[in-house]
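The values are calculated or read from the model by the stated rules, or taken from the named source; none is laboratory data. Quick caveat, the model's predicted, so the values are computed rather than measured. So basically every Cβ, Gly included, is an ideal-geometry build from the backbone, and we count neighbours across all protein chains shown.
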Amino acid sequence: MIDLHSHTDESDGTFTPDELVAEAVRIGLSALAITDHDTLRGYELALPFAVEAKLELICGIELSTRYGGASVHLLGYFPCATPPAGFRAWLDFLLESRRDRNRRLIERLQSLGVEITLEEVERRGRSLTGRPHFARILVEKGYAKDIQDAFHEYLDESAKGFVQRQEVPIEEAIERLVAAGGVASLAHPIRVAKNDWTRLSEYVENMAAMGMRAIEVYHSDHTPENVAFYLSLAKKFNLAPTGGSDFHGGNKPLISLGTGLRNNLAIPDEILAGLKKAL
Ligand code: AMP
Ligand code: FE
Ligand code: FE
Ligand code: ZN
């Protein structure tokens, strides 16, 4: 069993890289991909622990991109060689646009009467500070009853505190992933095109034409019906099916590494072989 979608505390998970490796070993995974948002630091820190534990660790990334006026998450995998310096420099540029979003988000929350400062939120993040870090502080200060409530009241796209982040067009993200020697996979397609299957199919066809070579068929949020449909899209557009739990530790407490939501995942090793072939 493998898991190709997970986050450490270098982005918005709560497990340190070594804790994540230990959890993967504990549940008996044969391979794990770390796909932190906008940073490779969690993978780099985890690597020596994975080598020691003889766990196959895949270098990955999750990028927030723009497609058709909406935000679409894209996974990138580097199963053979880690990305070159130019790609890493581009990630630093993405981290800077995230900081700019965070400054504006603080101003917005303050204007809503929330007592919060950029410094206290940034203290919670490591390589980056994301909305889950904001959510924790909103809960601790009593502005929300839990993380979900903090997103619902303040941080979700439809909530009163939301500010837009400058996102890269998906075409550019796919190009950069491919140029860096990676495979691009559409993350959790259930969140794309409001799960309108006809539109989703058109979108996936376009993304495949841009160079995307995989699609995340298996994910904690996908029903068996979703999985069957995404598998049909993978076949139709010649994409490798990928999958993972999207584990975030305590930031998404119902989701377990490897087994997903209430044991709805068991991703076989062949999926990783298929991803390598898509390179
Ligand atoms: P950011 O990249 O800083 O905009 O934060 C986005 C991250 O927030 C996502 O990757 C999720 O991990 C998390 N997130 C988004 N919506 C929710 C939600 N409703 N509940 C919990 N976490 C969420
Ligand atoms: Fe996340
Ligand atoms: Fe995502
Ligand atoms: Zn994720």
Does segment 49-70 include one or more residues that are at pLDDT below 95, within 16 Å of ligand 1 (Cβ to nearest atom) and closer than 29 Å to N206 by Cα? yes
From (1) buried (at least 17 other Cβ atoms within 10 Å of the Cβ); (2) more than 30 Å from G42 (Cα to Cα), pick out the condition that doesn't hold for S185. (2)
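Would you check if L233 is among the hydrophobic types (A, V, I, L, M, F, W, C), crowded, with 21+ Cβ neighbours inside 10 Å, more than 16 Å from ligand 1 (Cβ to nearest atom) and over 19 Å from the mean Cα position of the chain (by Cα)? Steps first, please.
Working: among the hydrophobic types (A, V, I, L, M, F, W, C): yes; crowded, with 21+ Cβ neighbours inside 10 Å: yes; more than 16 Å from ligand 1 (Cβ to nearest atom): yes; over 19 Å from the mean Cα position of the chain (by Cα): yes.
Yes: the conditions hold for L233.
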Name the residue that is nearest to N226 (Cα to Cα), counting only residues in segment 167-202 that are within 16 Å of ligand 2 (Cβ to nearest atom) and charged (D, E, K, R). R191
G258 vs (1) modelled with pLDDT under 95; (2) assigned to a loop (DSSP other than H, G, I, E, B): all pass except (1)
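For segment 22-29, indicate whether the set of residues that are more than 16 Å from ligand 3 (Cβ to nearest atom), surrounded by fewer than 18 Cβ atoms within 10 Å (Cβ to Cβ) and on the phi > 0 side of the Ramachandran plot is non-empty. Can you show your working first?
Restricting attention to segment 22-29, the residues satisfying the condition of being more than 16 Å from ligand 3 (Cβ to nearest atom) are 22-29.
Right, trim to surrounded by fewer than 18 Cβ atoms within 10 Å (Cβ to Cβ) and you get 22, 25-28.
Narrowing further to those that are on the phi > 0 side of the Ramachandran plot: 28.
Yes, that holds for at least one residue.
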Within segment 160-179, is there a residue that is closer than 27 Å to F15 by Cβ and aliphatic (A, V, I, L, M)? yes
Would you confirm whether any residue within segment 102-120 is buried (at least 18 other Cβ atoms within 10 Å of the Cβ) and within 28 Å of I190 (Cβ to Cβ)? yes
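Out of S97, S71, report the one residue that is under 29 Å from F162 (Cβ atoms), within 16 Å of ligand 3 (Cβ to nearest atom) and either surrounded by 14 or more Cβ atoms within 10 Å (Cβ to Cβ) or touching a residue at least 12 places away in the same chain (Cβ under 8 Å) (or both). Break it down stepwise before answering.
Numbers: S97 fails: within 16 Å of ligand 3 (Cβ to nearest atom).
When all the criteria are applied, what remains is S71.
Suppose we keep only residues that are of a type in the set (G, A, S) and within 16 Å of ligand 2 (Cβ to nearest atom) within segment 30-56. Which one would you say is surrounded by the most Cβ atoms within 10 Å (Cβ to Cβ)? So that I can check it myself, show each step before the final result.
Residues of segment 30-56 of a type in the set (G, A, S): 30-31, 33, 42, 46, 50, 53.
Keeping just the survivors that are within 16 Å of ligand 2 (Cβ to nearest atom) gives 33, 42.
Working: A33: 24, G42: 28.
Here the residue is G42.
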Report, ordered by the first and then the second residue, all pairs with beta carbons closer than 9 Å, sequence separation of six or more or different chains, a first member in segment 260-279 that is touching a residue at least 24 places away in the same chain (Cβ under 8 Å), and a second member that is assigned to a helix (DSSP H, G or I). N264/P224
So which residues in segment 96-138 are within 17 Å of G13 (Cβ to Cβ), out of contact with any strand residue (DSSP E or B) (no Cβ under 8 Å at 6 or more places or on another chain) and within 11 Å of ligand 1 (Cβ to nearest atom), if there are any at all? R98, V121, G125, T129, R131, P132, H133, F134, A135, R136
Of everything in segment 80-130, what is outside any helix (DSSP H, G or I) and in contact with a Leu (Cβ under 8 Å, 6 or more places away or on another chain)? Give them in sequence order. C80, T82, P83, V114, I116, S127, L128
Subset of segment 30-54 that is of a type outside the set (A, V, I, L, M, F, W, C), away from ligand 3 (no atom under 16 Å from the Cβ) and outside any loop (DSSP other than H, G, I, E, B) - its residue that is nearest to N263 (Cα to Cα): Y43
Search segment 238-250 for residues that are over 15 Å from H188 (Cβ atoms) and pair each with any residue that is assigned to a strand (DSSP E or B) and more than 12 Å from ligand 4 (Cβ to nearest atom) when their beta-carbon atoms are under 9 Å apart and the residues are at least 6 apart or on different chains. A240/V183; A240/A214; A240/I215
Inside segment 194-230, the number of residues satisfying the requirement of being among the hydrophobic types (A, V, I, L, M, F, W, C) and surrounded by fewer than 22 Cβ atoms within 10 Å (Cβ to Cβ) is 8
Which members of segment 131-176 meet the condition of being touching a residue at least 40 places away in the same chain (Cβ under 8 Å), assigned to a loop (DSSP other than H, G, I, E, B) and loosely packed, with under 15 Cβ neighbours inside 10 Å? E157, K160, Q164, Q166
